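Trainee: Structure provided below as structure tokens; questions to follow.
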Amino acid sequence: MSQLAHEYPRFQEAGVALVMLSTDSVTRARQLTEQTAAPFPVLSDGDDDTTVAYNLFENGIALPTTLLMYMGGRVRWQHVGEKPGDRPSPEMMLAAVAQPGDGTESTERR
């Protein structure tokens, strides 16, 4: 999260709103926001409704996932990792944002 916080101005310049979704409780999500001084919202999916809706569970565990979404909730690009630290770099995310939005979806699953 610190990498994203550091690169946050680049995302803003690209017109991207960052939001982090945690499967932790509301209290824990609030603590994460305070501990890291995240310049973007950290939301709680403590009941796992969103995680289940986007099929991001495997063997009862939420997968480390990064989604780039269109307004309205349609997934434009996603990266699904195998372990907690397996996340795309800010550069990879910004490159995906720079791709023309032709309505097709790109999915990267490791």
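No lab work stands behind these numbers, since they all come straight from the coordinates. Computed from a prediction, not measured in an experiment: that's the story for all the values here. So basically every Cβ, Gly included, is an ideal-geometry build from the backbone, and we count neighbours across all protein chains shown.
Trainee: Test of understanding: in a Gaussian network model of the chain with alpha carbons linked when under 10 Å, which of 22, 89, 44 would top the mean-square fluctuation ranking?
Mentor: 89
Trainee: Find, among the trypsin sites (Lys or Arg not before Pro) in segment 1-96, those assigned to loop by DSSP (not H, G, I, E, B) with at most 11 other beta-carbon atoms within 10 angstrom.
Mentor: Answer in residue order: 74.
Trainee: Please identify the longest segment of the chain free of exposed GluC sites (Glu not before Pro), where exposed means a DSSP state other than H, G, I, E or B and no more than 13 other Cβ atoms within 10 Å.
Mentor: Answer from the scan: 1-81.
Trainee: Still on this structure, please answer the following. Counting other Cβ atoms within 10 Å, which chymotrypsin sites (Phe, Trp or Tyr not before Pro) in segment 29-104 have at most 12 and lie in a DSSP loop?
Mentor: Those that pass, being in a loop and sparsely packed, are 70.
Trainee: Let's see if you can work this out: charge +1 on each Lys and Arg Cβ, -1 on each Asp and Glu Cβ, no other charges. What is the dipole magnitude of the chain about its Cα centre, in debye to the nearest 20? Before the final figure, lay out each step's value.
Mentor: Values: 9 positive and 15 negative charges, 28 e Å.
With Lys and Arg at +1 and Asp and Glu at -1, about 140 debye.
Trainee: For the chain, what mean projected area does the convex hull of the alpha carbons give, in nm²?
Mentor: Values: hull surface 27.8 nm².
In nm², the orientation-averaged hull projection of the chain is 6.9.
Trainee: Let me ask another. Tell me, in nm to one decimal, what length is gained between residue 59 and residue 12 on full extension, where the rule is 0.36 nm per residue of separation less the Cα-Cα distance?
Mentor: 13.4 nm
Trainee: Quote to one decimal, in nm, the extra length available between residue 97 and residue 30 on full extension: 0.36 nm per residue of separation minus the C-alpha distance between them.
Mentor: 21.4 nm
Trainee: Sort out for me the Cα centre separation of segment 36-98 from segment 14-29, rounded to whole Å.
Mentor: Here the two parts' Cα centres lie 9 Å apart.
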